[in-house]
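Chemist: Handing you this structure, nothing more for now.
The values are calculated or read from the model by the stated rules, or taken from the named source; none is laboratory data. Everything numeric here is computed off the predicted structure, so don't read it as measured data. No Cβ is skipped: glycine too gets one built from the backbone with ideal geometry, and neighbour counts run over all protein chains shown. Accessible surface areas use protein heavy atoms only, side chains included; no ligands, DNA or RNA. Shrake-Rupley method; radii C 1.70, N 1.55, O 1.52, S 1.80 Å.
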Amino acid sequence: MGEVFRAVDRNTPYMFAPTIDDWLPERHLARFVVEVVEQLDLRGIESSYAGRGHKAYSPAMMVSMLFYGYASGTFSSRKLEQATYGSVAMRYITADCHPDHDTIASFRKRFLEPLAGIFVQILLVANRMGVLRLGSVSLDGTKMKANASKHRAMSWKHMRELERQIREEVDLLLAKAADADANELPDGLDIPEELRRREDRLEAIAQAKAEIERRAGERCERENAEYERKMAERERKERETGKKSGGVSPRPPEGEGPRDKDQVNLTDADSRIMPDKGGFEQGYNAQAAVDVDTMLVVTQHLSQNTNDMLEVRPTLELIAALPDELGEVENLLADTGYCSGGNVDSCVEAGVVPYISTRRERHNARLVERFAEDPPYEEPEDSVDEMRRRLGTKGGKRLYAKRKSTVETVFGNIKGTIGFRQFSLRGAANVSGEWTLVCAAWNLKRLFALTR
């Protein structure tokens, strides 16, 4: 019987290609990332270097490394450092240099803010390549885990109880210290150390209480403003129709001050308890508006709100700030979590046609519903009624059906294929920058696929 398997001889001498450029296939994501980054304006990063001390690594190389790392599922600075030794693609990007993990982490954290401008520059590159021209976008949000445990969150009620308990323990320790000469202390009890620990905890609790009180004040202002708006709208309709409004009257706010269940996380105070599949998670609400035709993320932002109701206006502001070369967003598709009269009116004011579902759509719609004729035209009562009728037309159904296959597909790829499910950084500003980095990396990965 002849040999079945190829020989495995690890001692055979082998000569690598003479240059790193020959190590990778001609069509490779790492090459594409480097080519795109070479087109970007990085002067905002380069100008921050003073030129003193040791020579710094090239910002273009560091940016390329971060983009390729996040696009290929390598997020931590330590793993990025390891990849500069073990990954041929990463060795190509770094030209066989090996920045240590402290350098990588410092660069990422230091230049998170300029990434917002770089994100838009990548969209302009896509436009120049003839790939991106804005038209319809799908908006959605996904809950992303924070770099903090939900078990490190403390409620207002528990905080006050724990503060009272610690103060009692401090009084007890002081009493034992005063009585130390008369009575022997228990073995292992170090009173100064125990007092120091409790003082540190009291200080942490005081900071957490101040944060909860600040949030409670903001919530009170927000709820009062919303209540007044609803009452004014109700009175306006009553004056116009001459009839008393039906339904339940808007409930006034519960009052000022913190509530027992208000809480703050001691690890990342900016994160929030978010409802997610299977329960609750300590995290953030990551928002993205995705181009329907290309599945490129055109705007993104981070929210601390547990639902999506307040995320339309920030998205419209970001859309308005996009360069004119990208074209204009004509339609906005979103699920029922974004549906409100205020959001619909905001879209109309911005010149964007809203397609926001007014009710939860059931799966597997009946054939009769899918192919039903457009309803006869009737004068709409308001902007929401007009949108509801628009969604009921054949064209509206066909356009809205693209929502799931675009923005939810992007989130699925980011979490499933790339593997990004948790932020590495802490604090809203840093996490927002990291979400920009994730979306920019996705756009590069997607753009590479579209131009293959």
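Chemist: Could you look at the chain and say what percent of its accessible area is carbon and sulfur, using a 1.4 Å probe and all protein chains?
Modeler: Taking all protein chains in place, the chain shows 48 percent carbon and sulfur surface.
Chemist: Which whole-angstrom value gives the distance between the alpha carbon centres of the stretch 102-117 and the stretch 252-308?
Modeler: 23 Å
Chemist: Which GluC sites (Glu not before Pro) from the stretch 252-284 combine a DSSP loop assignment with at most 11 other Cβ atoms within 10 Å?
Modeler: Taking the stretch 252-284 and a limit of 11 other Cβ atoms within 10 Å, the loop GluC sites (Glu not before Pro) found are GLU254.
Chemist: Using only the alpha carbons of the chain, determine the length spanned along each of the three principal axes and report them from longest to shortest in whole angstroms.
Modeler: 92, 91, 62
Chemist: Quick one: if the Förster radius is 56 Å, what FRET efficiency do GLU408 and ARG197 give, using the C-beta to C-beta distance and rounding to 0.05?
Modeler: 0.75
Chemist: What GluC sites (Glu not before Pro) does the stretch 114-197 have in DSSP loop regions with at most 13 other beta carbons within 10 Å?
Modeler: In loop regions of the stretch 114-197 (DSSP not H, G, I, E or B), the sparsely surrounded GluC sites (Glu not before Pro) are GLU184.
Chemist: Next question. Ranked by accessible surface with a 1.4 Å probe, highest first, in what order do MET387, MET61 come?
Modeler: MET61, MET387
Chemist: Moving to a separate point now. Return the distance in nm (one decimal) between the two label points of a simple spin-label model at VAL120 and THR358, each offset 7 Å from Cα along Cα→Cβ.
Modeler: 3.6 nm
Chemist: I would also like to ask the following. Set the Förster distance to 30 Å, then compute FRET efficiency between ARG133 and LYS109 from the Cβ-Cβ distance, nearest 0.05.
Modeler: Working: r = 35 Å, r/R0 = 1.16.
In this case the efficiency is close to 0.30.
Chemist: Which entries in the list LYS79/LYS150; LYS261/LYS415; LYS150/LYS209; LYS79/LYS415; LYS79/LYS277 go over 21 Å, if you measure between the two C-alpha atoms of each?
Modeler: LYS79/LYS150; LYS261/LYS415; LYS79/LYS277
Chemist: Highest first, please rank the peptides 118-126, 235-243, 397-405 by the mean number of other Cβ atoms sitting within 10 Å of their residues.
Modeler: 118-126, 397-405, 235-243
Chemist: Spin-label point model (7 Å from Cα, Cβ direction): what's the LYS157 to GLN39 distance in nm?
Modeler: The answer from the label model is 5.7 nm.
Chemist: Mean residue ellipticity at 222 nm from the helices of the chain, using -39,500 (n - 2.57) per DSSP H segment of n ≥ 4 over the full residue count, to the nearest 500 deg cm²/dmol?
Modeler: -14500 deg cm²/dmol
Chemist: Take ILE418, ILE20 and sort them by solvent-accessible surface of the protein heavy atoms, 1.4 Å probe, largest at the top.
Modeler: Descending order: ILE20, ILE418.
Chemist: Over the chain, give the accessible area per residue in Å² for a 1.4 Å probe, as an integer. Can you show the working numbers first?
Modeler: Numbers: 26650 Å² over 452 residues.
Per residue, the chain has an accessible area of 59 Å².
Chemist: Shifting gears a bit: Just tell me which aspartates and glutamates come within less than 12 Å, Cα to Cα, of LYS394; anything on the same chain fewer than 8 places away is out.
Modeler: Hits, sequence-local ones excluded: GLU369, GLU373, ASP374.
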